[in-house]
């Protein structure tokens, strides 16, 4: 099966689907079209535990029969305007649904720059286990592949899989709600020198995240993904780097220092698996090639789990619910002393000594 961009293939699928006249009444009068499925979506699988479905722009739905074979697909280019939901004209039977969503409308993404997600177009009879999404990359040898982002963040990617088959009657509507999980993660990394803060310069360092997450294969559970045994290791570089100065703050210090910043965006982070599966953050000094930071990224981010006082998560669930992580490393003579880990708008933060992570 030929791998093509999500948005292009979805548009092709849409063009090839023959929908009944029922779709004419999608937003208005539904009389005369009293059969089929109305799908709704929610995005409350997050640390805020709030439905943030307004973050989602476009969604593609893939329909499978009760035997798990692909039937048809449908694109909704603007989920925000799809009220009361996404309508699918399906004959009587039992169906399951797999959905892929992105933040911007598909027409905004078509032909745009940056690293795009691709997928293998399902053929009639293909199983749900055959569906996978890959991140565009360039093979650089040794089973490594660099993600060429054109200095742009990835477009946000979500997915959803229905847990149980839905029965669609020959007369009357069936209704279902799919819960989306965000796959893409924003990770901001900062460096600060303790003794000589004025010497810090982002141009002196190379930043990398290594992770085996180029291809996501969807299994039969709502939120789990599997890493294929032959997966390449993705090499992420920052899509943006810059310095900030203490003099930029309202209360400038007497000795102005600088902080180096690097922003990454990655696909899903996997907490389990073998050591080579897990994400590693590596920062090297360019002149000396000295590795300043090498850390298990998932373990670092997971240090924040004790800040959720109402519900405890496994490390994988915590990483899946979170999406905006920040790490500030403090160096002394070029050696990592401690790190401050924080997350998004929730205000959770924790300072961790390097020795405590051994």
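The values are calculated or read from the model by the stated rules, or taken from the named source; none is laboratory data. Quick caveat: nothing in here was measured; it's all calculated off a predicted structure. Cβ atoms come from the backbone with ideal geometry, glycine included; neighbour counts cover every protein chain shown.
Quickly run through the range 136-159 and pick out the residues that are in a strand (DSSP E or B) and either touching a helix residue (DSSP H, G or I) at 6+ places or on another chain (Cβ under 7 Å) or under 28 Å from residue 69 (Cβ atoms) (or both). Quick ask: steps written out before the conclusion?
Of the range 136-159, the ones in a strand (DSSP E or B) are 138-141, 144-146, 157-159.
Once the filter is applied, which keeps residues that are in a strand (DSSP E or B) and either touching a helix residue (DSSP H, G or I) at 6+ places or on another chain (Cβ under 7 Å) or under 28 Å from residue 69 (Cβ atoms) (or both), the range 136-159 yields 157, 158, 159.
Please work out if residue 101 is over 17 Å from residue 59 (Cβ atoms), buried (at least 19 other Cβ atoms within 10 Å of the Cβ) and touching a strand residue (DSSP E or B) at 6+ places or on another chain (Cβ under 9 Å).
No: the conditions fail for residue 101.
Those residues that are without any contact (Cβ under 8 Å) to a residue 60 or more places away in the chain, over 17 Å from residue 125 (Cα atoms) and assigned to a loop (DSSP other than H, G, I, E, B), I need them from the range 50-78; list them, please.
Once the filter is applied, which keeps residues that are without any contact (Cβ under 8 Å) to a residue 60 or more places away in the chain, over 17 Å from residue 125 (Cα atoms) and assigned to a loop (DSSP other than H, G, I, E, B), the range 50-78 yields 50, 51, 52, 57, 77, 78.
Right, residue 133: more than 17 Å from residue 36 (Cα to Cα), over 19 Å from the mean Cα position of the chain (by Cα) and not in a helix (DSSP H, G or I) or not?
Numbers: more than 17 Å from residue 36 (Cα to Cα): yes; over 19 Å from the mean Cα position of the chain (by Cα): no; not in a helix (DSSP H, G or I): yes.
No, not satisfied.
Restricting to the range 161-172, and then to whatever is crowded, with 18+ Cβ neighbours inside 10 Å and modelled with pLDDT under 95, can you tell me which residue is nearest to the chain's Cα centre (by Cα)?
Only one residue tops the list, namely 161.
Take the residues in the range 173-192 that are in a strand (DSSP E or B) and touching a helix residue (DSSP H, G or I) at 6+ places or on another chain (Cβ under 9 Å), then tell me which one is surrounded by the fewest Cβ atoms within 10 Å (Cβ to Cβ). Steps first, please.
Pass one, the range 173-192, residues in a strand (DSSP E or B): 173-179, 181-182, 185-192.
Keeping just the survivors that are touching a helix residue (DSSP H, G or I) at 6+ places or on another chain (Cβ under 9 Å) gives 181-182, 185-187, 191.
On the way: 181: 21, 182: 22, 185: 25, 186: 17, 187: 22, 191: 25.
The selected residue is 186.
So which residues in the range 110-147 are closer than 14 Å to residue 235 by Cα and loosely packed, with under 14 Cβ neighbours inside 10 Å, if there are any at all?
The answer is 138, 139, 140, 141, 142, 143.
In the range 341-355, is there at least one residue being at pLDDT 90 or above and either in the same structural domain as residue 201 (by TED's automatic domain parsing) or not in a strand (DSSP E or B) (or both)? Full working, then the answer.
If we filter the range 341-355 for residues that are at pLDDT 90 or above, which is where we start, we get 341-342.
Restricting the remaining residues to those that are either in the same structural domain as residue 201 (by TED's automatic domain parsing) or not in a strand (DSSP E or B) (or both) gives 341-342.
There is at least one residue in the range 341-355 that is at pLDDT 90 or above and either in the same structural domain as residue 201 (by TED's automatic domain parsing) or not in a strand (DSSP E or B) (or both).
Name the residues in the range 284-296 that are free of Cβ contacts under 8 Å to residues at least 12 places away in the same chain and touching a strand residue (DSSP E or B) at 6+ places or on another chain (Cβ under 7 Å), would you?
The answer is 291, and nothing else.
More than 26 Å from the chain's Cα centre (by Cα) and at pLDDT 85 or above: which single residue out of 32, 93, 60 fits that description? I'd like the intermediate steps shown before the answer.
On the way: 32 fails: at pLDDT 85 or above; 60 fails: more than 26 Å from the chain's Cα centre (by Cα).
Sole residue among the options that is more than 26 Å from the chain's Cα centre (by Cα) and at pLDDT 85 or above: 93.
Assess whether residue 124 counts as being under 16 Å from residue 267 (Cα atoms) and in the same structural domain as residue 40 (by TED's automatic domain parsing). Reasoning before the result, please.
Details: under 16 Å from residue 267 (Cα atoms): no; in the same structural domain as residue 40 (by TED's automatic domain parsing): yes.
Against the criterion (under 16 Å from residue 267 (Cα atoms) and in the same structural domain as residue 40 (by TED's automatic domain parsing)), residue 124 does not qualify.
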